[in-house]
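Here the structure is laid out as structure tokens; the discussion comes afterwards.
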Amino acid sequence: MFVDKATIEIKAGRGGNGAVAFHREKYVASGGPDGGDGGDGGDVVLIPDANMSTLMDFRYKRKYAAGNGADGTGKRCSGKRGEDLVIRVPLGTVVRDRATGAVMADMSATERFVAARGGSGGWGNAHFATPTRQAPRFAKAGLPGAEREIVLELKLLADVGLVGFPNVGKSTLLAAVTRARPKIANYHFTTLFPNLGVVYAGENRSFVLADIPGIIEGASAGAGLGHDFLRHIDRCRLVLHVVDVSGSEGRDPIEDFETINRELAEYSPALASRPMAVAANKCDMASPEQIERLKMRVCAAGMDFFPISAAAQTGTQELVRAVSYKLASLPPIATFEPEYVEPEEPEELPDPEIDREDGVWYVDGGWVERLVQNVNFGDYESRMYFDRTLRDRGVFQRLEDLGVEEGDTVCVSGIEFEYKR
């Protein structure tokens, strides 16, 4: 199954906690603190893979997480870094941040992209030794890794995109000029997903041709299949518009030509300004008047006109050579510049929220969560630091203003204690 869009959740690894340890060695008195640092969390890394052609792998697995960093140990030994998670995506995949829609990376222009960075490891207690605090019994906790939802969009890397109404002969043309073997039948929407083929136009001259499933009127608004696959024309250097000049489907070729152009313009003004050539297909079934009528309209629009019959393979080689020479003067395949800006960590975390429920005061969120992680409640000095920080930053005053009384239970980020003035 061809899948060209997927949304996944990624989570980088958490940094390991710093260690609280002391040097113990025979005949060495007062060895001092030697707790090591925690290891950094693993990153989530995207790598393009030319052997993948669909995002099918992401249809059933939506959550990806890198490894956490290991905690530090004694003898100032740092914890092991968390293992990176490598996710392979098809070449040409555009990565977007789901929350903002901004482009994070184009996997046709980069070999490797770190989509989520792991959290830093915490410091061991060896970092906190001072002349007046020679035996610190606390360490720093590791930081959480980045976590976000991203959207993967596969945009085919093709030089030329075939567009046109269903059943005008796009797949037949692709089969006639490449070794691709798309399904061909005399009914609408035979092609249910884009097909690619390599066209060899002569010595050292070749290009990639993409057959985009039939676009109909209203495709830019979601009608038919065209809305799902218009994104695959975004990179094309040249749009090759295939028109049934014979009107065998009961439609007017000029109306078809103008309708498709209108749909492309409504989908993307940049796409509408892309160079376009017109292949008037089924000329073997059309009258000279029909061919001339369409030719006059196409030439009036300033586009190249090629009468062909893909089924009879007449005019196809002339078309291929002309397209090849045209591509030589066009810029390379478009890439998407990153727009996403990594949100900066606030210099100061917000104050915690205070609520009361069933007689218990709850202090949660903001900087108190980080404070609790960095406190060793088994150590008197660390507990005093916890108490002093709450008092200096106004948490106790806020509780008293809200009516806390001595003896009430206060729960600070999951840690319960009895309030005393």
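Residue under question is Asp106, and the condition is that it be more than 12 Å from Asp37 (Cα to Cα) and outside the structural domain of Val372 (by TED's automatic domain parsing); does it hold?
yes
Yes/no matrix, rows are residues, columns are (1) among the β-branched types (Val, Ile, Thr); (2) within 17 Å of His241 (Cα to Cα):
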position	(1), (2)
Ala301	no, yes
Ala310	no, yes
Val323	yes, yes
Arg356	no, no
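Given (1) touching a helix residue (DSSP H, G or I) at 6+ places or on another chain (Cβ under 6 Å); (2) assigned to a helix (DSSP H, G or I); (3) touching a residue at least 60 places away in the same chain (Cβ under 8 Å), where does Arg231 come up short, assuming only one miss?
(1)
Could you pull out the residue among Ala29, Ala105, Ala19 that is more than 16 Å from the chain's Cα centre (by Cα), buried (at least 16 other Cβ atoms within 10 Å of the Cβ) and among the small types (Gly, Ala, Ser)?
Sole residue among the options that is more than 16 Å from the chain's Cα centre (by Cα), buried (at least 16 other Cβ atoms within 10 Å of the Cβ) and among the small types (Gly, Ala, Ser): Ala19.
Could you tell me which numbered condition Val298 fails, if it satisfies all but one of (1) surrounded by fewer than 18 Cβ atoms within 10 Å (Cβ to Cβ); (2) assigned by TED's automatic domain parsing to the domain that holds Met276; (3) over 23 Å from Ala175 (Cα atoms)?
(1)
Given the residues Val198, Val243, which is the only one that is at pLDDT 80 or above, touching a helix residue (DSSP H, G or I) at 6+ places or on another chain (Cβ under 9 Å) and either within 23 Å of Ala280 (Cβ to Cβ) or not in a loop (DSSP other than H, G, I, E, B) (or both)?
After ruling out the rest, the residue left standing is Val243.
The values are calculated or read from the model by the stated rules, or taken from the named source; none is laboratory data. Worth saying up front: this structure is predicted, and the values here are computed from it rather than measured. Quick reminder, even Gly has a Cβ in these numbers, built from the backbone with ideal geometry, and neighbours come from all protein chains shown.
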